[in-house]
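Input: a single structure, listed below in structure tokens.
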Amino acid sequence: SKGVVLPHNHHYHFGAIIAEWARLVTDDVFYICLPLYHGVTQYMSVMPAILAEGSVAIADGFSASSYWDDIRRYNAATTWSVYTMSAVLMKQPEMTNDAENPLRVFLTIGISPEVVEPFEKRFDVKVLDMYGSTEQEAIAFAPYDEKRYGAVGPINRKHFDVRIVDENDEEA
């Protein structure tokens, strides 16, 4: 565990980046089933929804068997997934109504590249992957209008300058 001191502006700024990237609009419902103490919920879900003048539906936790029922019940337009959640959802029995859901954008961190295209087809949703951290925000994310399976990027140059350097601080 580590302690990270973040200014209040961090939450606002991160939320604004997510809202713009996901193209949230007024009245969008952001569904979240992750813990309330984590940044994915606080400033990557709740804050973007507030900034877009939308709302948030918060589940008690992740349940693969009720996930899509929740998405439909709350008429959710977007959600977050972390790591293996998408793979777990893909392992659920296929249903005839898998693609009949209101979800427009499935935001994720660390999705397996092999899962993205089949996931998008099965559930008729746009998958957007991101790279960042609690302290650094959204450093790089998949472009909204471009398929880049297995890669996250380009760098969010609107907000960040990034260099890759060697042990001598020389650009690599």
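The values are calculated or read from the model by the stated rules, or taken from the named source; none is laboratory data. The structure displayed is predicted, hence computed values, not measured ones. Note that we place each Cβ from the backbone using ideal geometry, even for glycine, and neighbour counts take in every protein chain shown. We work out accessible area using only protein heavy atoms, side chains counted, and drop any ligands, DNA or RNA first. Shrake-Rupley method; radii C 1.70, N 1.55, O 1.52, S 1.80 Å.
Computed values, structure above
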read-out	value
Under 5 Å, built H, 5+ apart or other chain: amide partners of residue 57	30, 31, 32
DSSP bridge orientation in the chain - percent antiparallel, rounded to nearest 5	25 percent
On Cα atoms only, tilt of 113-123 relative to the major axis of the chain in degrees	30 degrees
Share of alpha-carbon pairs per 10 Å distance bin for the chain, given as whole %	10, 38, 36, 12, 4, 0
25 Å Cα-Cα reach of residue 126 towards lysines, excluding residues that sit fewer than 8 places from it in its own chain	91, 147, 158
Using θ = phi - 60° and Karplus 6.51 cos²θ - 1.76 cosθ + 1.60, couplings along segment 83-100 (whole Hz; Gly, Pro as x)	6, 8, 4, 5, 5, 5, 5, 5, 7, 5, x, 5, 10, 5, 9, 3, 7, 8
Under-5 Å amide H pairs with residue 156, H placed in peptide plane, nonlocal only	140, 141
Helix 8-21 axis, angle to the chain major axis (alpha carbon atoms, nearest 10°)	60 degrees
Portion, in percent, of the accessible area of segment 57-119 that falls on carbon or sulfur, probe 1.4 Å	52 percent
Under 5 Å, built H, 5+ apart or other chain: amide partners of residue 127	106
Sequence of 83, 74 when ordered by accessible area, the most exposed leading, probe 1.4 angstrom	83, 74
Spatially proximal aspartates and glutamates relative to residue 2 (Cα-Cα < 16 Å; intrachain offsets below 8 disregarded)	135
Environment charge at residue 68 (Cβ cut-off 10 Å; Lys +1, Arg +1, Asp -1, Glu -1)	-2
Segment 91-170-segment 16-65 distance, computed between alpha-carbon centres (Å)	16 Å
